[in-house]
1. Every residue in region 615-637 that is surrounded by fewer than 13 Cβ atoms within 10 Å (Cβ to Cβ) and closer than 29 Å to residue 563 by Cβ, please.
2. Does at least one position in region 382-389 carry a residue that is surrounded by 13 or more Cβ atoms within 10 Å (Cβ to Cβ), touching a strand residue (DSSP E or B) at 6+ places or on another chain (Cβ under 8 Å) and in contact (Cβ under 8 Å) with a residue 60 or more places away in the chain?
3. Sort out which residues of region 162-200 are within 14 Å of residue 127 (Cα to Cα) and in a loop (DSSP other than H, G, I, E, B), and write them in order of number.
4. Pick from region 432-449 the residues that are outside any loop (DSSP other than H, G, I, E, B) and open to solvent by 20 Å² or more (accessible area, probe 1.4 Å): which of them is modelled with the lowest pLDDT?
5. Could you figure out which of (1) touching a residue at least 12 places away in the same chain (Cβ under 8 Å); (2) surrounded by fewer than 16 Cβ atoms within 10 Å (Cβ to Cβ) isn't true of residue 513?
6. Is it true that some residue in region 191-203 is open to solvent by 40 Å² or more (accessible area, probe 1.4 Å), of a type in the set (A, V, I, L, M, F, W, C) and in contact (Cβ under 8 Å) with a residue 40 or more places away in the chain?
7. When residue 212 is evaluated against the numbered criteria (1) closer than 20 Å to residue 172 by Cβ; (2) surrounded by 17 or more Cβ atoms within 10 Å (Cβ to Cβ); (3) within 57 Å of the chain's Cα centre (by Cα), which criterion, by number, is the only one it fails?
8. Does region 131-151 hold any residues that are farther than 10 Å from residue 183 by Cβ and surrounded by 13 or more Cβ atoms within 10 Å (Cβ to Cβ), and which are they?
Amino acid sequence: MEIVKFSNCNRKRKVQYESSEPADFKVDEDGTVYAVRSFPLTAEQAKFLIYAQDKETQEKWQVAVNLSREPTLTEEPMKEPHEIEEIVFPRQLAKHSGALQRQKRDWVIPPINLPENSRGPFPQELVRIRSDRDKNLSLRYSVTGPGADQPPTGIFIINPISGQLSVTKPLDRELIARFHLRAHAVDINGNQVENPIDIVINVIDMNDNRPEFLHQVWNGSVPEGSKPGTYVMTVTAIDADDPNALNGMLRYRILSQAPSTPSPNMFTINNETGDIITVAAGLDREKVQQYTLIIQATDMEGNPTYGLSNTATAVITVTDVNDNPPEFTAMTFYGEVPENRVDVIVANLTVTDKDQPHTPAWNAAYRISGGDPTGRFAILTDPNSNDGLVTVVKPIDFETNRMFVLTVAAENQVPLAKGIQHPPQSTATVSVTVIDVNENPYFAPNPKIIRQEEGLHAGTMLTTLTAQDPDRYMQQNIRYTKLSDPANWLKIDPVNGQITTIAVLDRESPNVKNNIYNATFLASDNGIPPMSGTGTLQIYLLDINDNAPQVLPQEAETCETPEPNSINITALDYDIDPNAGPFAFDLPLSPVTIKRNWTINRLNGDFAQLNLKIKFLEAGIYEVPIIITDSGNPPKSNISILRVKVCQCDSNGDCTDVDRIVGAGLGTGAIIAILLCIIILLILVLMFVVWMKRRDKERQAKQLLIDPEDDVRDNILKYDEEGGGEEDQDYDLSQLQQPDTVEPDAIKPVGIRRLDERPIHAEPQYPVRSAAPHPGDIGDFINEGLKAADNDPTAPPYDSLLVFDYEGSGSTAGSLSSLNSSSSGGDQDYDYLNDWGPRFKKLADMYGGGDD
């Protein structure tokens, strides 16, 4: 196959081609030369002419074509080089004066067709480029462009002397299908002698690529029950070869189908487009959920002999449609529920559905079609098991309904597919038994409202609260107790519920809100388990005139003169109309200075004005009694004190006293603040004293835990006295053991005695200190007390025998129980003991009495 092209100036001419041997060769409009028939190539047939004529100008050209055979694969590669094709363009035959004249033209190279994947030998000579000026000049030839001096370089080379163009390696049409080169001719000085011409090299496609599927596994779906001709999916393969040639023309077919039920040919494929459609009826997801097809794509238009093939897998999933309604597994379901319970599952309804689980065609929707006119039940669907859960949504009373018989229906979330003969829903019966339980007693009405006047005395019967037991079929008793009574005014009879007052009802009590007093009572039965209910009694208290009005405000200021200001007052009455305002204001007759100094004028029913009656009143604080009378029946009066501070005022009526605030006295808030500070200070002092005492106790508690038989140290006994003189204060008494208790005589060892008993004498009379003594009397009071203590024989320390230590029986030490000793101190003068007072009289008699 050869392509012939003719160069012209404007490149827009329409050229018609003809062959000199039309029986053997023909030329297409694009210049492609092809053989019409198969014949052995002879010398005569190896050369023929091709004519070209412009359809518009009728100009004509011709070219000679020389044919040669390509070497086969079995031929020796080292054969003599075949003759290179050389295309010579004769001079153009142009009309001039009715005769043809030859014109000289530049050199022209036709397109070159070169098969891909050629095995050589390389370099392989393609064509010789020659200029008709090479007879007179020494020329040099070169080529430029992609494949020559541009990437990919070195594929095409040219002999600069002979102009021989050659290819150096096999070509791949899938990489580059066409090369565009430019040939140049210059003299030995590099001067251009010919205009560059274009050389087009077409790479002829060979069938060297298999079809390739875009995906090895194709996934599609088709609804079950689809009619024949339903589109399923499209598979696509591509071939890298020329798609316009047989090498790239693909055909598809199905090699196998698995499973082959209900028919081995459930699907077909369009051999050109790859569209897969159904060709048989009977797709049923419940029987076959998925089909697997092996698809083959073959080039060369599917020629099994010369074409190349490849395969892929098409997985077709049969999707579910709602062709199976849900069906109950039983005709009757049973359940039970305790009365008054809600959100309780009564029964579990089970259905079967052959459609695909967890799809709208499988999911069941339940409804109650009968037996529940008040809407006490509802059916929920378990999303996992598709069961229907019959649930109580409203309380059920056993005394009203003991049993329910419900009619329920189940259907899918989506309607059944067209043409399905089954009914769209399934029905069943649910029998629900109500269980009787002990219910709470209740009060009716609740709350109960009564109206009573305040001031009702204790012991008055108000009303009766009666609770009802809804359990008519249970024999039970009800008892009443008080649950809430904020003011503790009431009591209730535990048997009959009669409510009686135990205190006076007071409408002005802080426990009364908006004239209503609330009390709550409890009614309990003796059922199993016992139940209880609450009831509220609301007492609307009617006001009586039991509160006298008081002046408001209780403190005021005014000037020393009547002008320029007055005191506006009103009354505060805790009663309400008609036992409150309007009020009457007046001043008492005594003391006489009140009406002499002050005057009061009523402004309206609730306000009055207090003014100075005299021209001048000395600054100070005055208590003005005011008589206020309300409008009750009978009316109630009260004398209320108004503290008035009279001060010097400026022209604007404002007090100008420096000690204005001090003279006015402390207010209630200031007094409370001072008291709080005093209390906090006292608490801190008390905490400090407690801490000091506790520390002393801890110091005294550090005793040696030693058995008395093993302790040889002296013990100190507590005599409830302050001790001896100042010289005795240097001893560390904490190092001595202080026994906590005194053992009784019955358990004392022999020889241990305690004789420090208090002597029996009449109690002396000590001087009594006056409540508020004069500072000068304190010294006399102390001296008198000292004398009384000195003459008191009962005051410690007692003059008795003391045992300070016991070292055990059989001691060789002498006895210390007697103070009479002649071994030492016999010549000492003890008369000074008489000067020490009555406490030392005994010693003075023993030692200072001479030889007696």
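The values are calculated or read from the model by the stated rules, or taken from the named source; none is laboratory data. Every value quoted in this text rests on a predicted model; they were computed, and no experiment measured them. Note that each Cβ is placed from the backbone with ideal geometry, even for glycine, and that neighbours are counted across all protein chains shown. Accessible surface areas use protein heavy atoms only, side chains included; no ligands, DNA or RNA. Shrake-Rupley method; radii C 1.70, N 1.55, O 1.52, S 1.80 Å.
1. Passing the criteria: 615, 616, 618, 620, 623.
2. Scanning region 382-389 turns up at least one residue that is surrounded by 13 or more Cβ atoms within 10 Å (Cβ to Cβ), touching a strand residue (DSSP E or B) at 6+ places or on another chain (Cβ under 8 Å) and in contact (Cβ under 8 Å) with a residue 60 or more places away in the chain.
3. Correct list: 162, 163, 168.
4. Of the residues in region 432-449, the ones outside any loop (DSSP other than H, G, I, E, B) are 432-435, 442-443, 448-449.
Filter once more, so that each one left must be open to solvent by 20 Å² or more (accessible area, probe 1.4 Å): 433, 435, 442, 448-449.
On the way: 433: 92, 435: 87, 442: 83, 448: 88, 449: 89.
Once the filter is applied, the top-ranked residue is 442.
5. Tallying (1) touching a residue at least 12 places away in the same chain (Cβ under 8 Å); (2) surrounded by fewer than 16 Cβ atoms within 10 Å (Cβ to Cβ), residue 513 fails exactly one: (1).
6. Among the residues of region 191-203, not one is open to solvent by 40 Å² or more (accessible area, probe 1.4 Å), of a type in the set (A, V, I, L, M, F, W, C) and in contact (Cβ under 8 Å) with a residue 40 or more places away in the chain, which makes the answer no.
7. For residue 212, the exception is condition (2).
8. The first filter runs over region 131-151 and keeps only residues farther than 10 Å from residue 183 by Cβ, leaving 132-140, 146-147, 149-151.
Answer for region 131-151, where residues must be farther than 10 Å from residue 183 by Cβ and surrounded by 13 or more Cβ atoms within 10 Å (Cβ to Cβ): 132, 133, 134, 137, 139, 140, 146, 147, 149.
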